[in-house]
Amino acid sequence: MFEQRTLGHPLPDNAELDYLYDTQGRVAEIGLSRRGIGRQVLLHNALYDPFGPVSQWTYGNGRVMTRTYSKSGQPDRAGERQRRAQRGLRVR
């Protein structure tokens, strides 16, 4: 179901990002490995619109982000502001 490719993106603090891909080659999960701490999932459960961009993902803390897009393929900012307001987040 998933294929892991470690691209080895080293960070200044000697941590390293790794990516887990779905069967279609799209990013499904992003992890961060730190020496002495192990691997932490930053983002997972990435879902994609058919023939399009990512539509939903879950952060490592369990918070889900959902995105909608206009007919022209641009992120729907009005819908995003409304969803954030419902969750108690302030958007400027």
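The values are calculated or read from the model by the stated rules, or taken from the named source; none is laboratory data. Because the structure is a prediction, the values reported are computed rather than measured. All Cβ positions, glycine included, derive from the backbone under ideal geometry; neighbour counts span all protein chains shown. Accessible surface is based on the protein model in full, side chains and every heavy atom, while ligands, DNA and RNA are left aside. Shrake-Rupley method; radii C 1.70, N 1.55, O 1.52, S 1.80 Å.
Write out, first by first residue and then by second, each pair whose Cβ atoms fall under 8 Å of each other, whose residues are 6+ apart or on separate chains, and whose first residue, in segment 8-30, is under 17 Å from Val41 (Cα atoms) and open to solvent by 60 Å² or more (accessible area, probe 1.4 Å) while the second is in a strand (DSSP E or B) and among the aromatic types (Phe, Trp, Tyr).
Arg26/Tyr48
So, in segment 71-92, how many residues would count as being modelled with pLDDT of 60 or more, open to solvent by 50 Å² or more (accessible area, probe 1.4 Å) and either within 25 Å of Glu29 (Cα to Cα) or of a type in the set (D, E, K, R) (or both)?
Going through segment 71-92 one residue at a time, the tally reaches 4.
Yes or no, residue by residue, for (1) at pLDDT below 90; (2) of a type in the set (Ser, Thr, Tyr); (3) touching a Leu at 6+ places or on another chain (Cβ under 9 Å); (4) under 22 Å from Thr66 (Cβ atoms):
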| position | (1), (2), (3), (4) |
| --- | --- |
| Leu7 | yes, no, yes, no |
| Asp13 | yes, no, no, no |
| Gln24 | yes, no, no, yes |
| Gly31 | no, no, yes, yes |
| Gly36 | yes, no, no, no |
| Leu43 | no, no, no, yes |
